[in-house]
Amino acid sequence: MKRKWIPLGSPQAVLLLVSLCLNVLMGSYIAKQWFENWSRPVGLANEPRLIQFIADRLPSADAETFRRVYLGKEQGLRDARADYEQALRGAVRLLAQPDLDGPALRRAVLEARDKRIKIGDVVIETFLDAVPQLSPQGRQDLAGRLRNR
């Protein structure tokens, strides 16, 4: 069987090169997305996005109040997130051991769950501390917009 070579200056060669470049580009993009998602801890929500979601539904003065309260809680949120990630890594280490210690794994997973709940508690605390500082109109607008979702 004899191979037929494509001349380098031909349109087919140019199309082949463009196709290969696009495949490399798409493959790189997919790999980047996969590794970013894989490296992110499982179950870790984006709390700042939730805060922004709520602030976006408030009048500007109330949104600034909400963000200011959040900024006061941000370090507590970071600390809670770090505790959760550490507990989660501990559970993963136990899971990877050749001789699985079921009770220890259960304790580690439950500890990670408790740490995850503390992250939610900080977000709830932010909301509860901010709401009394909002204008009555801002609270009504927020309730209406959240109700209509």
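The values are calculated or read from the model by the stated rules, or taken from the named source; none is laboratory data. None of these values were measured; they are calculated from a predicted model. Every residue, glycine as well, gets a Cβ built from its backbone with ideal geometry; the counts of neighbours run over all protein chains shown. With ligands, DNA and RNA removed, areas are computed over all heavy atoms of the protein, side chains included. Shrake-Rupley method; radii C 1.70, N 1.55, O 1.52, S 1.80 Å.
Side notes on the structure shown:
- Subset of region 104-121 that is open to solvent by 80 Å² or more (accessible area, probe 1.4 Å) and without any contact (Cβ under 8 Å) to a residue 12 or more places away in the chain - its residue that is nearest to E47 (Cα to Cα): I117
- Qualifying residue in region 129-146 (condition: in a helix (DSSP H, G or I), open to solvent by less than 70 Å² (accessible area, probe 1.4 Å) and over 25 Å from A63 (Cβ atoms)): no
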